[in-house]
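Scroll down for the structure; my scribbles are underneath it.
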Amino acid sequence: MSLAALEDLHADVLVLGMGASGLTAASALAQEGKSVMVVGRGMSATSLSTGCISFIRQAELSREEPRIDMETLAKSVHPFSDLIERSALSLEDLIAEMSAFLVRGLADQGLEMTDDVFHYHRLLTNIGSSYSCSIAPASLTLGSEDKLTRDKWAVLGLLGAQDLDADLFAAIVNHRHPRIEIRPLWIRPTSFGSRQSLTSLEVASIMSSEAAVEEVVQAIRGIEADNVCIPPIFPLAKFEAGMRKIRKLTGKNIFEPVTPMSLAGMRLQEALERLASSQGCQLLRQREVTALRSSPGRVDSAVLTTRTRTQNVSFNSLIVASGDLVAGGLGVAGAKVEDPLQTFKIGTFGRTSALAASATFGLMDVAMETGMLVNNEMRLMNREGRPFANAFGAGAVLAGFSYPTGVGLGGGLLTAWVAAKHAMEGS
Amino acid sequence: MVRTEVLVIGGGITGLGIARDLAMRGIKTILVERKDFAAGASGGNHGMLHSGARYAVRDPGAAAECAAESKMLRHIADFCVDDCGGLFVSLEGADATYEEQLIRSTRTLGIESAVLNKKECLGLEPGLSSAVLHGLRVRDAGVDPFALAMANVDSARTAGATLLNYRCVDSIARSRKEVGEIIIRDTMTREAEKVKAEIVVNAAGAWAAGVASLAKVNVPLTLDKGSMIVLDGRFSHGLVNHLRPPSDGDIVVPSHSSSIIGTTSVPAHAPDITSTSEDEVAKLIEEAARMIPDIGAARAVRAYARVRPLVPSEDGGRRTSRDFKLIDHESEGVNNLVTIIGGKLTTYRLMAERIADLVARKLGNRTLCRTAVEPLRAHVFMKAPPGVTAFHAQRMVRKYGPLAEQVMETCVHSPRGTEIACSCEQVLRGELEHFSEDPDVRRLGDLGRRTRAGLGFCQSGGCAFALASALMDKVEEEPIAMIRGFLEERGKGVQPVLAHGQLRQTVFRSYLLQGTYGLEGGK
Amino acid sequence: MVAAKENACIKCGICMQVCPVVTLEGVASFPGPRGVAIDAARFGEDVQSMRLDSLKCTTCWRCEDVCPAKISLPRRILEIRRETFSKATLPAGHAQVLDNIDRYRRSVHPEGSPPSMKPNRAGDLLYFPGCIAEQRLPAIYNSTLDLVGRGDRVPFVPESWQCCGAPLEKIGDEQRMKAVHEANFAIFDKAKEIVTSCPGCTTHLFQGYGLRPMHTIEYLYEVMGVNRLSFLPAKKKIRVALHRPCHLNRTVGPHVIDYALEILQNVPGVKLVEMADPGRCCGGGGGVTAGHPNVALDLAKAKVRSALEAKAEMIVAPCPFCVINLNRAGGIEVRDFVILVDSVLKGH
C-alpha cells in the first residue's frame, strides 16, 4: 500500500545541499530574480565548522603572511587555474565580488563579518593555536600578532561546558607564545546545576537567561586582565548583542576562541539559511534527492523523498552542492568514493584515473581529493566524461575541495559563486 | 646501586607472570620493561585462550599445555576472560585427512571437542557462510591481554615486587662465570641506575636475543611477525576457526563489541616491527569473509602487528613450534642467567612457573608456586554514587576491579571528574585524572591503555584533548606534541585499513583537526 | 549481534546537540541518542543498567534526521528497550499501560465521556481514531468523523479495533505488540483507505504494519481540498503558533506541515506566528509521559515558553498526544488542528 506522489514542483534552479556552498549559490541566483529551491537533509558540515571562511590551507599559511596569496591560490585551486586563464574574471575580482555579497548578506542577518577580506585575520582556536581566515565574525578577530604579547590575558572556563577547556587552552597558548601569560579561571555557573558534558546547544539554552549571562559578566569583572577569552554561549539571534553587552559591562576585550563543532558553525549556517530565505529561496528541509532524470546532455528533473512520500521537481538548472564524504554528498564503498546519484563522474584531483585502493597514493589523501568532476565552467560531467549543459557543481562535493586538503570553506564558496554565474546564463 | 635477588628483563606477560610468581614465593624481585608493560607480542596478539585444538595435530606439546592452562586461567583470571567457546568450521576444499587427525588428536590429548553438522553450526553461529560443511566445537575463549597483564602488575606489586616501565637495559657486566652489574636507563629522563641481581631472567620476548648479546651469551631466536585487524561489531558469539592446517587468516575472535581477525606469519628481521602490509590486510579480510561473509563489508577499526619470539626449528613460520624453551646459561658457563623464549599468551603462567622453579632452586628457596590457585583479582561490587550513572559505575568495576572505588572517589571529588572524556568507551574524566597520578603513566598512550580512552572504534577524536588536558601537568612533554604523537600512533593503525566507515571517520577527523585546530603535520 | 549500521557513526555529536532531552536534562540524566544507541549498546549486558534512562527518549526522530551517517538511532533505542525488557523493572506508568492494554485494549483507562458520534461500522474508508482521540479528546473523534464525512467517502470505525501498538513498541513489550498487531491486521485487511488522527498511529501503522494510512491533514488537503476553500474574513484575529508534532513532521513527512500551514493561512481569525525552533519535541512521545512524566512536563513547559516568547495566544498541534502534554504545562490555550478547522467550517 503506498500513496501517490506529492504534487510536482518546478523551479528555475534546484540546489542540492543546504550547506554554505549551496546556500551561497542559491542566494546569488535568487538575487538575480531566479526561482530557487534548495533541498537539504539533516545538518550540514558547515554547522560543524569554525564559522570562519579561509581561502588557503591552514598548513600553508605562514604566521607572518597577512595577505591572500593569489598565485598560490590559483595554482592550488583546481579548476580555477583553467577558469582564470580562459575567462575575463581575475581571481581577485571573484573573491571581491563574492565576499562583498556574503559580508553584506550576513550582516543583514545579524552576523557582522570582517570586510577586509584580502587579509588574513588571526584568531585563537580553543586549543590555543593561531587560526587564520579572511572572513570571520568581526567580534573574534585578534588583529595584530602584537596583541598576544602586550596586555594581560585570561581565559574563562565554564565547568561542564566542553567547548573550551580553559586549562588546555592556557597551557598551549603559553607554550606557543612565550612572551605572554594567559591564566585560566573556572567558574561553575549556578544555572548549570551539577551538569557535566554540556553540549553547545545546551549551554546556549541555559545561557539564554539574563541571570546566567550576568554571572559570567561578574566573573569576568573579577579577572585581572584586559583580554578575556570565553567559550561560545550565544546562538545567532543573540550573538552580536550579547558580545557587545559583555564588553560594555566588563570594559574588557572579549574573544571567543575558534571552536569547531559548536555554536560558531551553527551561527554561520543559520545566517546563510536566513539570507537565502530572505532572497526568496524556498528551503526544503528533511528531504533527500534520491534520483535524477536526465536526457542527453541535460538533467531534467529530480525525485525527492520525504520519509513516506516522493515528489518530482523539474528545473532549468541544477547545482549539486551536497558535500563530501562527511556530510553524505559522496558515498564510500570499501575504499572507493562514489556518487550516490549514479549520474556524475567521480575523479581524483590532479589524477585522471579513478580511485584505486593503492598504497602509492595513501587512501586518506585520495579520498579527500576525490569528488565530482567539473569543467572550467563548473559544469558537472556525466559518467562518460561529457559535461552537462545545465548541471553544475559547487563546494566540497567537487574533486579537490574536500576541506581541508582543499582550500577551506572559501574555496568551496568561490566555486559556488562561479557555478551560480554560469547557471544564470542557462536558466 | 640497587641490590636484588632477581632482576627480570622484559615486561611482557611472561616477565610479569615471572615477577608475580617469584614475589609470591617471597623472592625480592625487580622487573624492568623498556616501554609500557605488554608493549611487545603481549600487547598485540589475537586475544585468545586456546583450547589447544589449533595445535593438536602438528604441535601436540603446545596443544596439551594450552588446554590445561586455559582451564586454569578461566578460574584465576575470569574478570578478563570471555568464555564464549569456539568452533572450527570446514569449508570447501577441506583437507579430510587433517580433519580426522584433528579430531583424533583432540581426543588423545583430552581436549574437549564435539563434531557438529552444518545445521548445528549455523544454529550456533548464524553469521556463518552457508558454504560451511560441518564443524568441531571446542572450548576456546577470548581474553583481554592488557587487562591480564595489568592484573599481573598489580598482583606482583602487592606481593612485594618492584616493576618499572620505560626502563631499558643499557649494559650487562660480565665476569667469567656470571653477569654482574646491570645499568638500567630511564628512556625518557635518560637517568641511569645500577642494579646487581643474584639471578637475572631474560624474558624480553622478541628482544631476548638482543639482551642475550649484551650479556655475551647466545639465544637463537626465530622472529615471525603476525598481523591482526580489529573490526567493529561482534560477528560471532564465540571464536570461529578455519578447520585446516594452520595458515593465514584462520581465526575470528570476538572481543567485547569488536571482532579480531588474524593472523599472518611473516619472517621478521627485527623485533620491533609493528606495521601491516596491504597484502596482509587483503588476505585477512578475504579469509575471514569466507567463514563469515558479513566481514567483507565490515568497518575495520585498525590493524596491528607484533613479532613472535619463536624457538627456532628446521622449518620456518607456521611450522615452527609454539612450544616454549627455558635456557639455563649455566651450559655456557654463566651461573646466574636464565632465558625463556617461545610459548603463547595462553601458557604464560606455566612458563612463568617453570622459570620461577628454576630460579628458586638456584636461590635455595623452597616455597611452592601458588599462581595456579590464587585468583589474579578479587571480585568487587560498587554502587554508583549520586551524579554517576549505574552504567558508568559498572564499566569502572569491569575495568579496574578492586581499584574501582578509588577511581570513583577521584571522579566524584574532582570538579570536572564526571565529564565524559571518551564517548566510545564511556570513560569519565576522573578516571583520566586518577591514572595521570600513576608514576607508570608517562605518555598519553599509557593513560589510554589503562582507561581505554581513545582505544574505541573512532580511534580517538576529542578524547585526545581530554587525555592531554588530564596528563599535561604531570609530564614534561608539551600538550600539542603529546596530542600529535598520540594521534599519529592511532593513525598508524588506521591507515592500512582505511575503507567503509573508518574512511569517513578519518576524513571527518581530518576536517576538524587539520583545518580547524591547525594540528599541522602528518595526516 | 552482527554489526549493524551503527558502525557508520563518525562521532560528530550532532545527534546529541539536537536532542531536546539532552538539551533540557543533561547527559547524566539522559545519555542521549549516541550515548544509548551507539556507545552503551556496545557494552553487552551493561546496557541493562541504562534502560531506565533510555526511556527518556521521546522518539522525536530529530537525531536520525541530522545524522550524516543516516543511522536509525531511535530504532536502535527501541531495539534496546525490547532487548532489555524481560529483565527490566518497569516504571509504574508503563506497567499501567500494559494493564490497560490487557483489560481494555486501549493504552489508557476508559474513563470520562465517550465520543458522541456513532460511526458506521463498515465501508471503504477506515477511520482509526487511536486511544487518545477516543478516550481523552473525543472532540477530535467527533470533528474528524464530521469533517471527513463531508467528502466523497463516509468513514467507518471498526467495532473491535485495539490500540495500534505504538506505546507497546515504545515500552519494549514485543510480545504484547505483536498480539495487538495480529488482532488489528484482520481489521485493516478490510479497508481500502485508512485515515488517522494521531501521528503516532499514522507512523506505527506505516512502520509496524507496513500499511500506508493518511493523517487527517493529508486527507483534508489532498482528497478534500480544504486548502482550496475560501472563507469569510473574521472580525478578530488570534495569534496562533503551529507546533510540529514529531511523528507528523519527521516520520510521516514535512509536507504535512506545509499543508497545515497553508490551511491555517486561509483560516479566518488566525494570525500565524512562528515559535523559535518550532520543530522541537513537546515531550509527548516515546512513552515518556508514562515513564518519566517530569521529563515530559519539562519539555512541554519549554515549548509553552517558546510560544509565549513569540507572543502566541494559542498553540495548534495536530496531534492528540501533543495536545494532552502541552495542556499539562498550562499557560496557553492548546487546540488540536482538526478541531480548529472543523469549528471554523461550522462558523464558530
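The values are calculated or read from the model by the stated rules, or taken from the named source; none is laboratory data. Every value quoted in this text rests on a predicted model; they were computed, and no experiment measured them. Because the Cβ atoms are built from the backbone with ideal geometry, glycine has one as well, and the counts that use them run over all protein chains shown.
Table for the structure above
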item: Test: residue in the range B:394-412 that is crowded, with 19+ Cβ neighbours inside 10 Å and touching a strand residue (DSSP E or B) at 6+ places or on another chain (Cβ under 6 Å); result: yes
item: Residue check for B:Leu447: touching a helix residue (DSSP H, G or I) at 6+ places or on another chain (Cβ under 9 Å) and farther than 30 Å from B:Met24 by Cα; result: no
item: Top-ranked residue of the range C:73-112 - restricted to ones that are among the hydroxyl-bearing types (Ser, Thr, Tyr) and within 20 Å of C:Val180 (Cα to Cα), ranked as surrounded by the fewest Cβ atoms within 10 Å (Cβ to Cβ); result: C:Ser86
item: Selection within the range B:474-514 - over 25 Å from the mean Cα position of the chain (by Cα), in contact (Cβ under 8 Å) with a residue 24 or more places away in the chain and farther than 25 Å from C:Glu6 by Cα; result: B:Lys474, B:Val475, B:Glu476, B:Glu477, B:Ile480
item: Residues satisfying the stated conditions in the range A:200-232, i.e. within 14 Å of chain C (Cβ to nearest Cβ), touching a helix residue (DSSP H, G or I) at 6+ places or on another chain (Cβ under 7 Å) and closer than 19 Å to B:Pro415 by Cβ; result: A:Glu202, A:Ile206
item: Only one of A:Leu106, A:Leu124, A:Leu111 that is closer than 22 Å to A:Pro257 by Cα and within 14 Å of chain B (Cβ to nearest Cβ); result: A:Leu124
item: Single unsatisfied condition, C:Gly286 versus (1) over 23 Å from A:Ser2 (Cβ atoms); (2) over 13 Å from the mean Cα position of the chain (by Cα); result: (2)
item: Wholly within the range A:273-349, strands (runs of 3 or more DSSP E) carrying at least 2 residues that are at pLDDT 95 or above; result: A:282-284, A:288-295, A:298-305, A:310-320
item: Residue count for the range C:284-314, restricted to those that are part of a loop (DSSP other than H, G, I, E, B) and surrounded by fewer than 20 Cβ atoms within 10 Å (Cβ to Cβ); result: 3
item: Count of residues meeting criterion [away from chain C (no Cβ under 14 Å) and either assigned to a strand (DSSP E or B) or without any contact (Cβ under 8 Å) to a residue 12 or more places away in the chain (or both)] in the range B:119-147; result: 9
item: Members of the range B:75-118 that are of a type in the set (Phe, Trp, Tyr) and either within 26 Å of B:His256 (Cβ to Cβ) or part of a loop (DSSP other than H, G, I, E, B) (or both); result: B:Phe79, B:Phe88
item: Residue within the range B:459-466 that is in contact with a strand residue (DSSP E or B) (Cβ under 8 Å, 6 or more places away or on another chain), at pLDDT below 95 and either more than 29 Å from B:Val494 (Cβ to Cβ) or surrounded by fewer than 18 Cβ atoms within 10 Å (Cβ to Cβ) (or both) present; result: no
item: Residue match in the range B:429-444 (condition: part of a loop (DSSP other than H, G, I, E, B), within 11 Å of another protein chain (Cβ to nearest Cβ) and either at positive phi or modelled with pLDDT of 95 or more (or both)); result: no
item: Search result, residues across the range A:1-42 that are within 14 Å of chain C (Cβ to nearest Cβ) and without any contact (Cβ under 8 Å) to a residue 12 or more places away in the chain; result: A:Met1, A:Ser2, A:Ala4
item: Residue check for C:Cys281: buried (at least 17 other Cβ atoms within 10 Å of the Cβ), touching a Pro at 6+ places or on another chain (Cβ under 6 Å) and either of a type outside the set (A, V, I, L, M, F, W, C) or not in a loop (DSSP other than H, G, I, E, B) (or both); result: no
item: Complete set of residues in the range B:69-109 that are surrounded by fewer than 15 Cβ atoms within 10 Å (Cβ to Cβ) and over 30 Å from B:Ala378 (Cα atoms); result: B:Glu92, B:Gly93, B:Asp95, B:Ala96, B:Thr97, B:Glu100, B:Arg104, B:Arg107, B:Thr108
item: Checklist (1) out of contact with any Phe, Trp or Tyr (no Cβ under 7 Å at 6 or more places or on another chain); (2) within 14 Å of chain C (Cβ to nearest Cβ) applied to A:Val326, failing item; result: (1)
item: Residue list for the range C:2-35, filter: assigned to a helix (DSSP H, G or I), more than 9 Å from chain B (Cβ to nearest Cβ) and among the hydrophobic types (A, V, I, L, M, F, W, C); result: C:Ile14, C:Cys15, C:Val18, C:Val21, C:Val22, C:Leu24
item: Qualifying residue in the range A:179-190 (condition: in contact with a Leu (Cβ under 9 Å, 6 or more places away or on another chain), charged (D, E, K, R) and outside the structural domain of A:Ala212 (by TED's automatic domain parsing)); result: no
item: Scope the range B:394-415; condition closer than 23 Å to B:Gln459 by Cα and within 8 Å of another protein chain (Cβ to nearest Cβ); matching residues; result: B:Gln394, B:Arg395, B:Arg398
item: Test: residue in the range B:104-111 that is more than 25 Å from B:Glu374 (Cβ to Cβ) and under 26 Å from the mean Cα position of the chain (by Cα); result: yes
item: Checking B:Arg290 against (1) surrounded by fewer than 20 Cβ atoms within 10 Å (Cβ to Cβ); (2) touching a His at 6+ places or on another chain (Cβ under 8 Å); (3) assigned to a loop (DSSP other than H, G, I, E, B), the condition it does not meet; result: (3)
item: Some residue of the range A:108-130 being part of a helix (DSSP H, G or I), crowded, with 16+ Cβ neighbours inside 10 Å and touching a Phe, Trp or Tyr at 6+ places or on another chain (Cβ under 9 Å); result: no
item: Residues (more than 9 Å from chain C (Cβ to nearest Cβ) and more than 22 Å from A:Val418 (Cβ to Cβ)) located in the range A:303-323; result: A:Val303, A:Leu304, A:Thr310, A:Asn312, A:Val313, A:Ser314
item: Among residues of the range C:184-225, those that are assigned to a helix (DSSP H, G or I), in contact (Cβ under 8 Å) with a residue 40 or more places away in the chain and not aromatic (Phe, Trp, Tyr), counted; result: 14
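Conditions (1) at pLDDT below 90; (2) assigned to a helix (DSSP H, G or I), marked per residue:
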position: C:Ala37; (1), (2): no, yes
position: C:Arg42; (1), (2): yes, yes
position: C:Glu45; (1), (2): yes, yes
position: C:Leu52; (1), (2): no, yes
position: C:Lys56; (1), (2): no, no
position: C:Thr59; (1), (2): no, no
position: C:Cys63; (1), (2): no, yes
position: C:Ile80; (1), (2): no, yes
